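Inspection log for the structure reproduced underneath, given as C-alpha cells.
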Amino acid sequence: MTETDREHISIREMLEKNGMDLSDSVYSDSAMADFVVPASGTWKLKKESLEDSEYSRIIQYRKTKKAHSERCGAEDLEKRMDAISEEMHRMLEEGGSREQPAFIALGKQKKSLRKERKAILEKASGEACLSLFGKELPDGVLHSCCFNESLWAFGLDEILDARNIMETSEYALMADRPWFTVNLESLRKPFAGEEKVGVEGGPCLFGTDELHFSFTMKDGSIRQFDYNTRQEILPDREFLQGTSMELFDFMEEECGNIAAASLDCPKRSITVDEYEMLKYILLVAKYLDARAVVTIPDFSYDKTFVSMFSGLDPGVYEGFHEAFRRECLRMSDLMIDTTKKLALQYGVDDYVILHSRNEELLDIFYEKREPFCADKYANRFLTSRNGLRDALLDYICMPAFPYYLFGIREIVEVNRIDEFYSIHKCKKIHHSAINLNMLLFPEKTCRNGKTSGFFAKMEDKEFVEFV
C-alpha cells in the first residue's frame, strides 16, 4: 500500500464500512463514479434524530433544538466563551505567555463553560425530539456523513433548494457528488441572497508526478524528486511510498554536493479536476450573484522554491530558478485562459484572477493580510522551517481575499475537501472579521481506482484537451 493509499479512502468504501445502505446515498445509482476523501481524520456516519430525510425536517429539528438550547442559556455561555477567547487573544497580543497563571485560569474557565454548554445542547436535542416526534429517539433516522465532528455531507439540492436551479444543465453538472460544509445554516445565509457575498477558490499548479527535479551530484550520481510529494524517485520502488528521502532533508544534507540541477514537467494541460474546480467557483458565484476571486498561487510556489533551493551555488540556482518560474507561468497561463473561457461560457462577469503578474492585486493581498499574519495565534499554524512561513501564510489567507479586496465579510470558499484544514486556519486567524463558509467537494477516483487524479501517477490522470 502506498502513502497515497493510506491518506485517502473511497467514499463508497467508507459508507459501506460504517454500515450505510448505499441505496440511501448518492450511490443508489450503481453507475455513479466513486470519490475519494482524506482518510487522515475521523470519518463516520451520524444518525440525526429525524423521521425522514427531507431537508425541511432537518431545519425544523435544528430550529427547535436551538430554541430549547437558547432558553436554557447556551447562547449566553457561548458569548462568555467568546469573551474569554478575546481576552486570551489580547493577552498574547500584548506579549503575554500561554504559561502565565492568568492565561491558564482563563483556559480552564473556558473549558468548564464548554462542558456546561455541551450538556445543555444534549438536553436540548432530546427535548427537540420529544416536542417534534413525541419520543426521544424516533424509529426513522437520517444517515449523514461527518468528518472530524464538523464537516458534513449534503446533496447539492439540499444546499441550493432556496431557488429552482437544479433543472438547468450547468448546475446539474455539480449535482453528481456530495458536497461538504461545516455549518449548513451559516452557508445558507449567503445562498438566501440576504447580503453581498464573495466566492474564492483556485487549483494548485502541480499535483503528484507532474513536476520532477533532477540533481547531478559532484560524484556524477543523479538524484530525482517529485515536487508534490517531496519524495525521492527511486529506480527500485515507487516514490509514492513515502519511504524514500524527503526533499528538504536532502537539501539540508547534500546542498553543497550538487553540481547541476534541472527539472522536467510532463504536464501539458490542466487536469479534469482542475477544470471542474474553476467551473464550480464561477457557477457558485453566478448562483449567488457574488464577486468571484480565482486564485492561481504561482507567487506562493516561487516562495517555496526559493526557501528550498536558495542555498545552491549561484551558478546552479539561477538557471534552475528561471526554469521553475517558466513552468509555473506556463501552467498559470493555462489556468487563467481556462477561467476566462469558462466565465464567458457561463456568463460570469464579476470576477478577478489573483496571480503573480497582477501586481496591483498582489500588493493589496499582502497589505491587507499583514495585521492578521502578525497575530501571535497565527504562528501556531506555521512550520518550523522559517523560509516557508510566508508561502504558508499565502495559502492560509487566500480565502479571505474577497474581504481584503472588496470589504466583503460573507465569503464562500469553493475547494477540494483536502483543503479543509488550511481553510479552517484562515477562519481562526481572521476571528470575527469574516464569516468564512466552506463548500468543499471530493474528487472522482482516477484510473487507478484508489486515489484522485491529484495524487495519481501521470498515466492514471485525465487531462483536458483544448481545441
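Values in this text are rule-based calculations from the coordinates and carry no lab data. Because the structure is a prediction, the values reported are computed rather than measured. Cβ: placed from backbone, ideal geometry, glycine included. Neighbour counts: every protein chain shown.
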Over 20 Å between C-alpha atoms is what I'm after, so list which of Lys267/Lys457; Lys279/Lys368; Lys79/Lys196; Lys79/Lys428 land there. Lys279/Lys368; Lys79/Lys196
Once Asp249 and Phe406 are pulled to full extension, the length gained, defined as 0.36 nm per residue separation minus their Cα-Cα distance, is 52.4 nm
Would you grab the residues whose amide H sits under 5 Å from the one on Asn358? Only those 5+ places off in sequence or on another chain, please, with H modelled 1.01 Å from N. none
Using 7 Å Cα-to-Cβ label points, what is the Ser85/Ala259 separation (nm, one decimal)? 5.7
Please give, to one decimal in nm, the separation of the simple spin-label points placed at Asn358 and Arg325, each 7 Å out from Cα toward the Cβ. 2.1
Find the centroid of the Cα atoms in the stretch 315-330 and in the stretch 100-125, then give the distance between the two in whole Å. 52
Interchain or sequence-distant (5+) residues whose placed amide H lies within less than 5 Å of the amide H of Leu263 are Ser214
Projected label distance in nm at Gln224 and Lys123, using a 7 Å step from Cα toward the beta-carbon: 6.6
Work out the FRET efficiency for Ala374 and Ser112 from their Cβ-Cβ distance, taking R0 = 41 Å, and round it to the nearest 0.05. 0.85
